[in-house]
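Down below is the structure, laid out as structure tokens.
The values are calculated or read from the model by the stated rules, or taken from the named source; none is laboratory data. Model, not experiment: these values are computed from the prediction. Positions of Cβ are backbone-derived with ideal geometry, glycine not excepted, and every protein chain shown enters the neighbour counts.
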Amino acid sequence: MKIIYIHQYFKTYADGGSSRSYYLAKALIKQGHQVEMITSHNKKAYQKVRIEGITVHYLPVFYDTKLGFLGRILSFLRFVIQASRLALSIKNAGLCYATSTPLTVGITALLLKKLKNIPFYFEVRDLWPQAPIEMGVIRNGFIQKIIRGFEKLVYRQAQKIIALSPGMAQDISQKITDLGKIHVIPNMADCDFFQADEPTFPQKTNTFTISYFGAVGKVNQLNYLVEAARYFQEKQLSGVRFQVVGKGNANAQVQQLAQQYQLNNMTFHPHVDKFTLREMLAHTDAVYISFAQKPVMETSSPNKFFDALAAGKLCITNTSGWVRESIEEADCGFYASPDEPDDFYKKLLPYLASKRKLKEAKSSARYLAETQFSREILTKTFVGLFPQSKPIAISKEVAVVPE
């Protein structure tokens with residue numbers, strides 16, 4: 001079957017960021033399906049590329065995490081217009097798979113269903129518009145009502161809905177009647193790409209590194225990590241280092257706060273590709289997962305959590321919800337109250353004092369990755385949602401397809 005896969009931010013290892021659509025598209029190809037990926041890039045011209053069997057259509061639609069709300073909305077709309085035009089021109093497609101955010105990709109999916117009778121699956125990566133409403137980005141009540149109505153329309157028209165967390169599934173279940181079409185497939189741990197390493201502290205060096213990888217935006221509230229670093233510095237715990245790796249519209253503000261506190265135990269690095277991330281994780285002891293303290297954030301399925309599990313790292317989260325529950329049940333890390341740096345400090349001390357305790361936590365993280373969130377397990381579940389096709393071998397080529 002030919003599947004039109006719509007994802008505005010499709011990324012490969014070379015791009016860095018979320019690899020979920022790359023994993024899922026490759027799994028569909030391996031199962032014998034054809035995948036036409038419609039995405040975007042910041043170049044000025046359309047490009048068609050073949051990546052390991054996936055036909056990728058790159059639309060010239062600029063997007064950057066530094067864009068403000070209006071800039072992002074304009075980017076979303078430009079993508080929908082171009083993606084809809086392209087999707088409607090693809091022949092012999094049997095299914096559409098649309099992944100949000102943004103929620104606006106649902107427009108293209110609805111058009112394909114209405115005009116070409118092509119059913120669609122809808123993937124919910126974040127709850128929209130709930131997230132921007134809780135963050136105070138969308139305040140107009142009339143606009144909220146319109147977007148919520150559109151959200152329900154997309155859910156009800158979708159043949160299947162794939163939610164990335166139990167909390168998301170619970171929210172969606174309150175908006176539709178056919179609960180049987182909701183499936184939970186969280187982000188996944190690539191246990192082949194990432195390998196668990198031995199603890200780096202205190203055996204190899206006298207430095208314990210806590211890293212944050214990912215977007216640096218308002219929603220991530222990395223001022224919590226800066227405050228923690230300040231507290232550790234005041235406690236003169238010089239062996240603990242903090243690093244932030246990523247980009248976003250709050251990056252300058254976070255760095256400015258660190259400079260204001262004159263922190264010498266915190267460093268900042270730009271966004272990196274997946275290969276560099278793997279190297280940096282190899283020299284990291286713990287990964288910090290951070291979100292603003294809003295109820296909707298408790299439903300998140302952060303990529304950094306699953307990468308940390310696959311790499312066998314101590315996991316520290318400042319957010320309640322299913323990720324916190326997973327960490328505590330597996331005993332592979334802890335919850336640190338974001339407003340209480342002392343809580344962070346006290347809970348980390350046992351891991352600094354006992355290399356055995358640290359090693360056990362890291363082993364538990366890797367075990368959780370392998371047994372519950374591995375790419376192999378979850379992609380198998382994913383392809384099981386699609387009509388069966390004859391499996392094929394995947395080539396490794398990456399080539400520009402001439403028009």
**Message:** Criterion first (more than 23 Å from the chain's Cα centre (by Cα), assigned by TED's automatic domain parsing to the domain that holds Ala98 and either surrounded by fewer than 21 Cβ atoms within 10 Å (Cβ to Cβ) or at pLDDT 95 or above (or both)) does Thr200 satisfy it?
**Reply:** no
**Asked** Among the numbered criteria (1) farther than 30 Å from Asn264 by Cα; (2) surrounded by fewer than 15 Cβ atoms within 10 Å (Cβ to Cβ); (3) not charged (D, E, K, R), which single criterion is violated by His183?
**Response** (2)
**Message:** Among the residues of the range 281-324, what is the count of those that are closer than 24 Å to Ser354 by Cβ and either charged (D, E, K, R) or in a strand (DSSP E or B) (or both)?
**Reply:** 11
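Just checking, which of Lys160, Lys175, Lys152 is touching a His at 6+ places or on another chain (Cβ under 9 Å) and either assigned by TED's automatic domain parsing to the domain that holds Arg324 or closer than 30 Å to Val35 by Cβ (or both)? If you could, list the steps in order and put the result at the bottom.
Values: Lys175 fails: touching a His at 6+ places or on another chain (Cβ under 9 Å); Lys152 fails: touching a His at 6+ places or on another chain (Cβ under 9 Å).
Exactly one residue qualifies, and that residue is Lys160.
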**Asked** Do we have any residue at all in the range 351-361 that's among the hydrophobic types (A, V, I, L, M, F, W, C), in the same structural domain as Tyr231 (by TED's automatic domain parsing) and either outside any helix (DSSP H, G or I) or under 22 Å from Val184 (Cβ atoms) (or both)?
**Response** no
**Request:** Being part of a strand (DSSP E or B), modelled with pLDDT of 95 or more and closer than 24 Å to Pro295 by Cβ narrows it down to one of Ile162, Ile146, so name that one.
**Result:** Ile162
**Asked** Residues Thr55, Thr65: which one is among the polar types (S, T, N, Q) and either under 29 Å from Lys294 (Cβ atoms) or part of a helix (DSSP H, G or I) (or both)?
**Response** Thr65
**Message:** Let me confirm something: among Leu103, Leu111, Leu115, Leu88, which residue is crowded, with 20+ Cβ neighbours inside 10 Å, out of contact with any strand residue (DSSP E or B) (no Cβ under 8 Å at 6 or more places or on another chain) and among the aliphatic types (A, V, I, L, M)?
**Reply:** Leu103
**Prompt:** Which numbered condition trips up Gly214, out of (1) crowded, with 20+ Cβ neighbours inside 10 Å; (2) at negative phi?
**Reply:** (2)
**Request:** Check Ser40 against each of (1) buried (at least 19 other Cβ atoms within 10 Å of the Cβ); (2) more than 25 Å from Asn303 (Cα to Cα) and name the one condition it does not meet.
**Result:** (2)
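Based on what the data block shows, is Asn223 out of contact with any Asp or Glu (no Cβ under 8 Å at 6 or more places or on another chain) and either at pLDDT 95 or above or in the same structural domain as Leu127 (by TED's automatic domain parsing) (or both)?
yes
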**Message:** Being under 30 Å from Glu279 (Cβ atoms) and surrounded by 17 or more Cβ atoms within 10 Å (Cβ to Cβ) is the requirement here; does Thr12 meet it?
**Reply:** yes
**Prompt:** So Gln82 clears everything in (1) under 19 Å from Asn303 (Cβ atoms); (2) without any contact (Cβ under 8 Å) to a residue 60 or more places away in the chain except one condition, right? Which one?
**Reply:** (1)
**Prompt:** Which one is surrounded by the fewest Cβ atoms within 10 Å (Cβ to Cβ) among residues in the range 242-274 that are of a type in the set (Gly, Ala, Ser) and either on the phi > 0 side of the Ramachandran plot or in a helix (DSSP H, G or I) (or both)?
**Reply:** Ala252
